[in-house]
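Only one structure is covered here, and it is reproduced in the block below.
The values are calculated or read from the model by the stated rules, or taken from the named source; none is laboratory data. Bear in mind that the values here come from a model prediction, so they are computed numbers and not experimental data. Positions of Cβ are backbone-derived with ideal geometry, glycine not excepted, and every protein chain shown enters the neighbour counts. Quick note on the areas: whole protein, heavy atoms, side chains included, nothing else; ligands and nucleic acids left out. Shrake-Rupley method; radii C 1.70, N 1.55, O 1.52, S 1.80 Å.
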Amino acid sequence: MAASRRLLAIADDLSGAAEVAAALHSRTTRSRVLLIGRPGALNAGTTGAVNGGVARALRPRHPGEATVLDLDSRYRPATEAAEAVREALRLSSPDENAPDALDTLVLKKIDSLLRGNVAAEIAALAEGGAGVVLAPALPIAGRVVRSGVVHLGGVALHESDAWRAETLPPPASVAHALGGLPTALVPLTTVRASRRTLLTALRTAAAAGRVAICDAETDADLDSVVEAALAEGPRMRLVGSGGLALALGRHLRTTLNAIGAGATPAATGKRGAPAADAAPAAPPADMAVGAARVAASPASAGRPVLVVVGTAEPAAAEQVRRLVEDGAVHHQLPLAGLLSGGAPVRLPPLTAPVTVVSLGAPSGAPDPAPPHGAVATDTAPLPSPRPAPEAITPAAAPGPAPNPAPDTPPTPASPSIDTADHTGPDRPDGQTGKQPGAVSGRRLVLGLARVIGDAVAAHHGAVDLVLTGGETARHVLDALAVAELDPVGQVHHGAVHLATPDGRSVVTRPGSFGDPDSLRQIVQALRPHSTERKVTP
């Protein structure tokens, strides 16, 4: 990668954007996250002044900086998600005649289990003749692609229960998930062949207008895909999970180290100045550092930590229970209060070192603050905030699409939605807002964000945040008017430590990620002695 080349990464939710930023951020490559997917911010028809402002924000502040966008598109209708991708691409290179117009590498982060608006967003990426290389494997989580089929721990995706929260069956292959877009399978033998062989396969797919779907089982396989794709230049767009982002980060560090480029970046404050409260960046060789290596600064030691658990996932309930066992104060919010149009639910003052907020059962107790240490274990399923699914077919896909290839398998209605990632208050019961008595997931997460925003605004001084679930994290930060984040490090896989422009810490994590001690590890990374572990006989 040339030192002058820009890198634009696009994610459909905040957890994914944070994961990509952490993967790309090192001593040789800077990265930052911009939360620009608010309604109307990137839609066609916005004013020139707004578009000009967004375009300026997308420009890198430093040579070699990666700009990571959270488009907040996972729960949008497929057509809106596709348009958000198109507009992000246009605004990142608004002048096609500019010298660097074609010098922007594009990485699109998708869910490793193919949930979300995958077909619509990839169709938008492929418009204009750009080649698309798709490698959704995530080896660190045991998710690999064999013969064009995603496998989890050796089980094919369509034979697993990973899509139990979806209203549609899981796709039988990656090609099925693309809603009829023409594809070309790049088998593992080709991925592991010479770079010339792999590059030829990618070029052939791009020339035929096909999405190149790459098998991959290891990080080394993803490294090979990245190296071959980048040898073709920026017209070859990369699409994959956090595993591909990690491979790209490794490639950039190796390339830039070889040419002696880059100085150590720090988490930044306003206008790129180092933030006084920000922790040092992790070593370039491994951003996925343990909690003990993500040091909290002395200046932040007195700030309260507010942990917001925006999911009713059973694993999250156990994580909360263990954090409360360590001395955190727990407030369980009644769903009825979050959804009603009456008096809003309010949190007590944030006086404890660590406060945990979670969602109550739909029946909900009227008291939003149960006794200290109380954790409900009967949290009922909650609905998705997503809209009804849209079918993505070649005729309906955004932009022109070639006819499916003869070997393209029959395509069901595209899974253009995502819930099983549990990045919002999603639960595996298949409920939708149209069912009688069903709870509105969108209203619920907005209500939760309002409660958190009010509590932080009422506190005299800064508050550090731990936000589980990409949908929850995004709406909370929207409520706090936070539009930019700088990566600091990772506590564990998926739990990314970021800094706001004024130096506050924000840790984002998908709702279903992490072992039972995940929240403990995150809090200890931010405040090594903020809670005292209780010893039980």
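Summary table below
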| item | result |
| --- | --- |
| Test result for residue 148, touching a Pro at 6+ places or on another chain (Cβ under 7 Å) and of a type in the set (Gly, Ala, Ser) | no |
| Flag for residue 512 being surrounded by 18 or more Cβ atoms within 10 Å (Cβ to Cβ) and modelled with pLDDT of 95 or more | no |
| Members of the stretch 155-170 that are part of a loop (DSSP other than H, G, I, E, B), among the hydrophobic types (A, V, I, L, M, F, W, C), modelled with pLDDT of 80 or more and farther than 16 Å from residue 119 by Cβ | 162 |
| Neighbours by Cβ (under 6 Å, 6+ apart or cross-chain): first from the stretch 308-327, basic (Lys, Arg); second open to solvent by 10 Å² or more (accessible area, probe 1.4 Å) and part of a helix (DSSP H, G or I) | 322/520 |
| Residue match in the stretch 13-27 (condition: in a loop (DSSP other than H, G, I, E, B) and at pLDDT below 85) | yes |
| Elements of type helices (runs of 4 or more DSSP H) contained in the stretch 175-243, each with 1 or more residues being in contact with an Asp or Glu (Cβ under 8 Å, 6 or more places away or on another chain) and β-branched (Val, Ile, Thr) | 188-191 |
| Index of the failed condition, residue 256 passing every other in (1) touching a Leu at 6+ places or on another chain (Cβ under 9 Å); (2) modelled with pLDDT under 95; (3) assigned to a helix (DSSP H, G or I) | (1) |
| Residues of the stretch 234-259 satisfying the condition of being touching a residue at least 40 places away in the same chain (Cβ under 8 Å), farther than 19 Å from residue 16 by Cβ and either out of contact with any helix residue (DSSP H, G or I) (no Cβ under 7 Å at 6 or more places or on another chain) or crowded, with 24+ Cβ neighbours inside 10 Å (or both) | 234, 235, 253, 255, 256, 257, 259 |
| Qualifying residues in the stretch 438-495 (those that are under 25 Å from residue 315 (Cβ atoms) and part of a loop (DSSP other than H, G, I, E, B)) - the one farthest from the chain's Cα centre (by Cα) | 438 |
| Scope the stretch 125-150; condition in a strand (DSSP E or B) and open to solvent by 30 Å² or more (accessible area, probe 1.4 Å); matching residues | 143, 146 |
| Residues that are among the small types (Gly, Ala, Ser) and crowded, with 17+ Cβ neighbours inside 10 Å, drawn from the stretch 443-474 | 447, 449, 453, 455, 462, 469, 470, 473 |
| The stretch 206-226, subset aliphatic (A, V, I, L, M) and touching a Ser or Thr at 6+ places or on another chain (Cβ under 8 Å), residue nearest to residue 112 (Cα to Cα) | 213 |
| Filtered residue count, the stretch 151-191, keeping only those that are open to solvent by less than 50 Å² (accessible area, probe 1.4 Å), in contact (Cβ under 8 Å) with a residue 60 or more places away in the chain and of a type in the set (S, T, N, Q) | 2 |
